[in-house]
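See structure below.
The values are calculated or read from the model by the stated rules, or taken from the named source; none is laboratory data. Quick caveat, the model's predicted, so the values are computed rather than measured. For neighbour counting, all protein chains shown are included, and Cβ atoms are generated from backbone atoms with ideal geometry for every residue, glycine included.
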Amino acid sequence: MGEQSCEFPLSNASDAEIDGILATMRTIAVVGLSDRPDRESHIVAAYLQRHGYRIVPVNPAVREVLGERSYPDLAAIPPEVAIDVVDVFRKPEFIPAVVDDAIARGARAVWMQLGLAHNAAAEKARAAGLAVVMDRCIKVEHARWAAAHPHGRP
């Protein structure tokens, strides 16, 4: 089946690097964003949208999520839409392809949600100049960052 077991991140972004991502990167492509409000991907994306981030849904099975057009993959997003962060809600076996697409797309960061890590893909992303966060929830990290910066960007 080729499914990869869960990995432990061998190297991860520091809190300062995570803070930098949250403070400076505004457009987030959410790969695997569900249109079902009870799914974690939807809850996280709705939270980020409420906090001023632009969400770009990536899911071939839905047409629109949170009032935004959904795209089948990162390559289908129009080139004039600059993607800062690729937030991944996919199984580990799909992460290498998502990272390849994020690199090709010119994204600045790849964020693998809580419970997700892929060390080889992370190294490839870092080698291409992308910031990488693994096994952390962007919603939780944003709440931590926002509490430390109540007036917005530092």
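Could you please let me know if VAL30 is touching an Asp or Glu at 6+ places or on another chain (Cβ under 7 Å), surrounded by 15 or more Cβ atoms within 10 Å (Cβ to Cβ), of a type outside the set (S, T, N, Q) and over 14 Å from ARG90 (Cα atoms)?
no
Yes or no: ILE28 under 22 Å from ARG136 (Cβ atoms), in contact with a Phe, Trp or Tyr (Cβ under 9 Å, 6 or more places away or on another chain), modelled with pLDDT under 95 and not hydroxyl-bearing (Ser, Thr, Tyr)?
no
From (1) in a helix (DSSP H, G or I); (2) buried (at least 19 other Cβ atoms within 10 Å of the Cβ); (3) of a type outside the set (Ser, Thr, Tyr), pick out the condition that doesn't hold for ALA147.
(2) is the only condition that ALA147 fails.
Under the condition of being in contact (Cβ under 8 Å) with a residue 40 or more places away in the chain and of a type outside the set (A, V, I, L, M, F, W, C), which residue from segment 1-14 is surrounded by the fewest Cβ atoms within 10 Å (Cβ to Cβ)?
GLY2
Determine whether segment 101-118 contains at least one residue that is of a type in the set (Gly, Ala, Ser), more than 11 Å from the chain's Cα centre (by Cα) and within 21 Å of ASN12 (Cβ to Cβ).
The answer is yes; a qualifying residue exists.
Taking segment 119-140, which residues are aliphatic (A, V, I, L, M) and in contact (Cβ under 8 Å) with a residue 24 or more places away in the chain?
ALA120, ALA121, ALA122, ALA125, ALA128, LEU130, ALA131, VAL132, VAL133, MET134, ILE138, VAL140
What residue, of ARG63, ARG54, ARG39, is at pLDDT 95 or above, surrounded by fewer than 17 Cβ atoms within 10 Å (Cβ to Cβ), out of contact with any Phe, Trp or Tyr (no Cβ under 7 Å at 6 or more places or on another chain) and closer than 20 Å to GLY106 by Cβ?
ARG54
Step by step: first the residues of segment 117-133, then only those that are at pLDDT 95 or above, in a loop (DSSP other than H, G, I, E, B) and among the hydrophobic types (A, V, I, L, M, F, W, C), then the one that is surrounded by the fewest Cβ atoms within 10 Å (Cβ to Cβ). Which residue is that?
ALA128
Restricting to segment 85-100, name every residue that is within 13 Å of the chain's Cα centre (by Cα) and surrounded by fewer than 19 Cβ atoms within 10 Å (Cβ to Cβ).
Hit for segment 85-100 is ARG90, nothing else.
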